[in-house]
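One structure is given here, and the rest of the page talks about it.
Laboratory data are not the source of any read-out in this text; all were calculated from the coordinates shown. Just so you know, these numbers come straight off a predicted model, no measurement behind them. We place every Cβ from the backbone using ideal geometry, glycine too, and count neighbours over all the protein chains shown.
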Amino acid sequence: MKKSTYFKMTAICFLIFVSNATHAQYESSILFHNNSDQLVYVSDTDGNHIPDYSYVGYKNGEEALPNVAVVKEISPVAGDNTVHIQAAIDEVEALPLDANGHRGALLLLPGEYAVSGELIINPSGVVLRGSGDGEDGMSNTIIRGVGNVPDERTLIRIGTNNKSGFGGQVAGTRQDIISPYIPTGSRTIEVADASVYNVGDNIIIKHPSTAAWIAAVDNGGVGSDAPWEPNTINLVFNRYITSIEGNKIQVATPIYDILDRSLSQSYVYTYNGNSQLKECGVENLRIFVESSGVTGRDHVKIGLHLIWFTYFFVNAKIKVTCYMLLESLYIRAIFNYFYSR
């Protein structure tokens with residue numbers, strides 16, 4: 001396949017969402033509504049098309065958002081609240097998981113919580129909940145990121161930071177993908193022997209970043225910067241099997257890149273899920289970050305960092321910095337706001 005196709009597919013994925021005003025004047029020829037108001041995805045000659053992103057949401061949007069019971073409440077204290085909030089989080093983390101995989105919610109009662117450190121939720125099943133996302137601290141919950149120690153820190157981190165690369169491989173389940181070419185947006189792969197899998201299995205699809213693949217994507221388009229090194233930018237997809245027919249496997253959500261066997265031998269294995277958090281959430285609060293000015297960098301860099309999780313919900317209106325796959329995410333009521341001190 002021509003390497004230009006990689007860049008084309010990357011570019012068109014940015015064109016999915018358009019405003020109503022723009023839509024009234026223009027409709028794409030590769031993604032448009034038919035007469036029944038259904039989206040039509042047009043493939044190129046290689047079968048690539050914009051992926052169907054309707055699966056985005058908590059548990060693929062197929063289940064209602066959870067309402068986790070409050071197990072502890074706290075109010076703000078004078079001065080730095082880092083230790084105060086973290087101690088309450090730790091108490092919730094020590095509780096057992098219920099049948100739904102939840103330990104409980106920590107409710108931050110109305111007020112302003114100055115935080116000069118980092119708040120960490122590590123095990124599964126913990127929800128950090130505020131009492132409102134408004135500007136008035138008398139009736140809403142405001143977490144205020146203050147100071148810059150350590151430099152450009154994270155304010156709230158959810159996850160273990162154990163970047164194992166979905167390494168929890170179930171023994172005897174690794175199979176090479178024998179499909180010569182899997183286009184962007186596809187949900188079907190063919191493996192050498194699908195008998196080791198079952199419908200419902202959590203599988204990992206890996207496409208190693210070989211020298212040939214890196215060359216095909218023009219070394220990542222890094223310009224004068226150092227080019228990508230082999231096996232450092234691997235494509236990894238965390239998926240669930242929905243059907244098996246012969247050696248063909250269909251997964252619940254699309255594959256968001258091209259898997260070209262002539263450039264790299266992709267493979268699949270069943271994942272044990274040991275390195276992932278599940279059923280955590282942050283909701284209904286506002287984050288303020290102090291800064292010396294619009295161009296200043298002496299402040300919290302990441303408001304909410306999500307690492308290695310599945311079935312996570314953020315009832316939020318916040319800029320989420322996430323370096324790993326979001327399998328289940330919803331956004332409702334957190335506001336993120338920077339201001340000068």
Legend entry - Under 5 Å, built H, 5+ apart or other chain: amide partners of Gly104: Val127
Inset, instruction - Report the local net charge at Ala192: Lys and Arg +1, Asp and Glu -1, summed over other residues whose C-beta lies under 14 Å from its C-beta. - result: 0
Inset, instruction - Would you mind checking the radius of gyration and Dmax of region 56-109 based on alpha-carbon positions, in Å? - result: 14.0, 43
Legend entry - ³J(HN,Hα), Karplus 6.51/-1.76/1.60, whole Hz, each residue of region 235-240, x for Gly, Pro: 8, 10, 10, 9, 9, 10
Legend entry - Pair Asp136, Val70: separation of 7 Å Cα→Cβ label points (nm): 1.9 nm
Inset, instruction - Tell me the label-point distance for the pair Asp80, Asp151, using the 7 Å Cα-to-Cβ offset, in nm and rounded to one decimal. - result: 1.9 nm
Inset, instruction - Could you tally the net charge around Leu235, taking each other residue with its Cβ under 10 Å from the Cβ of Leu235, Lys/Arg +1 and Asp/Glu -1? - result: 0
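Mind checking the full-extension length gain between Ala212 and Leu39? Use 0.36 nm per residue of separation minus the Cα-Cα distance, one decimal, nm.
On the way: separation 173, 0.36 × 173 = 62.28 nm, distance 3.51 nm.
Stretched out fully, the Ala212 to Leu39 stretch lengthens by 58.8 nm.
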Inset, instruction - Report the net charge of residues surrounding Pro110, where surrounding means a beta-carbon distance below 15 angstrom and charges are Lys +1, Arg +1, Asp -1, Glu -1. - result: -3
Legend entry - Under 5 Å, built H, 5+ apart or other chain: amide partners of Tyr113: Ile142, Ile143, Arg144
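Give me the extension gain from Glu62 to Val199: residue separation times 0.36 nm, minus the current Cα-Cα distance, reported in nm with one decimal. Intermediate values should be presented prior to the final figure.
Values: separation 137, 0.36 × 137 = 49.32 nm, distance 1.72 nm.
Stretched fully, the Glu62-Val199 segment lengthens by 47.6 nm.
Scale the Cα Rg of region 41-133 by the rule-of-thumb value 2.2 N^0.38 Å and send over the ratio, two decimals. Don't skip to the answer; put the middle values down first.
Working: Rg = 19.1 Å, N = 93, 2.2 N^0.38 = 12.3 Å.
Working it through for region 41-133, the quotient is 1.55.
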Inset, instruction - Search the structure for amide H atoms under 5 Å from the amide H of Gln276, placed 1.01 Å from N in the peptide plane, and list their residues when 5 or more places away or on another chain. - result: none
Legend entry - Stretchable slack from Phe32 to Lys248, in nm (0.36 nm times residue separation minus alpha-carbon distance): 74.8 nm
